[in-house]
Amino acid sequence: MNKKITLASLILLIGIIIIIFFFTSTKQDKPNIIIITSDSLRADHLGVYGYPYNTSPNIDNFAKDATVFKNAYSQAPWTIPSFGTLLTSLYPTVHNLNFEIGSDNRAHYMGVITTEYENIFLHEKLKSLDYSTALISGNIILQFYSKEHLPDHSFDTVLINKQDKTWNSSNMTEAAINHIEQIKDKPFFINLWYMDPHSPYAPSEEFDIFNHTQYTDKYIEEDFNINKYDGEILSTDTSIGTF
């Protein structure tokens, strides 16, 4: 079991379930584009990938008519360069999208974006096509993609609750729906980045319903966390269904 968890964690360390929706806008020929990312979500804890417990009914239902990938590999062991790859389709050694915080308390590229890679991000390409772009994230580290830190490469809108690190999937979903209502007359691109399945595992009472592992003295803490982790997945899946 430990080997399986380790292997899955290495492959899916940032944890991805990326769902791309295309909608026909009522006033534009351009499709609206939404990417939903769930931080630290393991494939082997989703029903669509064979997990026997009901953690993901909405994702599973969506998967019935979607393209489902059986293999996925994280391109880096932490968020920033992995996010860079997601939005550029380039390897981290090519896009150089690691960050450091300078003396001005702003994020700076550790690599140099050359002329060859101007407009490197998907959201930059879409902005040039008159899209409204937004990042709505529960991962506070992604604030580095805001105008405050990266004015030349930012999303138009970045919604991150910097004060409340427990900003959960329900709050984010409400924020995303409200944002779409405000900009729906223009083609839009939104990256909705859920954080619930990331540690610490503390699902609300509504979703803290799993008790399916066999407790032993040796693995009691690990098993306890697995149950809580599955509750966080169910919370995220419920928000995806609401969205």
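Just checking: which of the helices (runs of 4 or more DSSP H) contained wholly in segment 55-140 hold 1 or more residues that are at pLDDT below 95 and open to solvent by 20 Å² or more (accessible area, probe 1.4 Å)? It would help to see each step written out before you state the result.
Numbers: elements: 57-63, 79-88, 92-95, 122-127.
In segment 55-140, the matching helices (runs of 4 or more DSSP H) lie at 79-88, 92-95, 122-127.
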Checklist entry - Do we have any residue at all in segment 208-221 that's at pLDDT below 90 and in a helix (DSSP H, G or I)? => result yes
Checklist entry - Considering only residues of segment 182-196 that are modelled with pLDDT under 95 and part of a loop (DSSP other than H, G, I, E, B), which is least open to solvent (accessible area, probe 1.4 Å)? => result Asp196
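The values are calculated or read from the model by the stated rules, or taken from the named source; none is laboratory data. It should be emphasised that the depicted structure is a prediction, and the values quoted were computed from it without experimental measurement. Heavy atoms of the whole protein, side chains included, go into the accessibility calculation; ligands, DNA and RNA do not. Shrake-Rupley method; radii C 1.70, N 1.55, O 1.52, S 1.80 Å.
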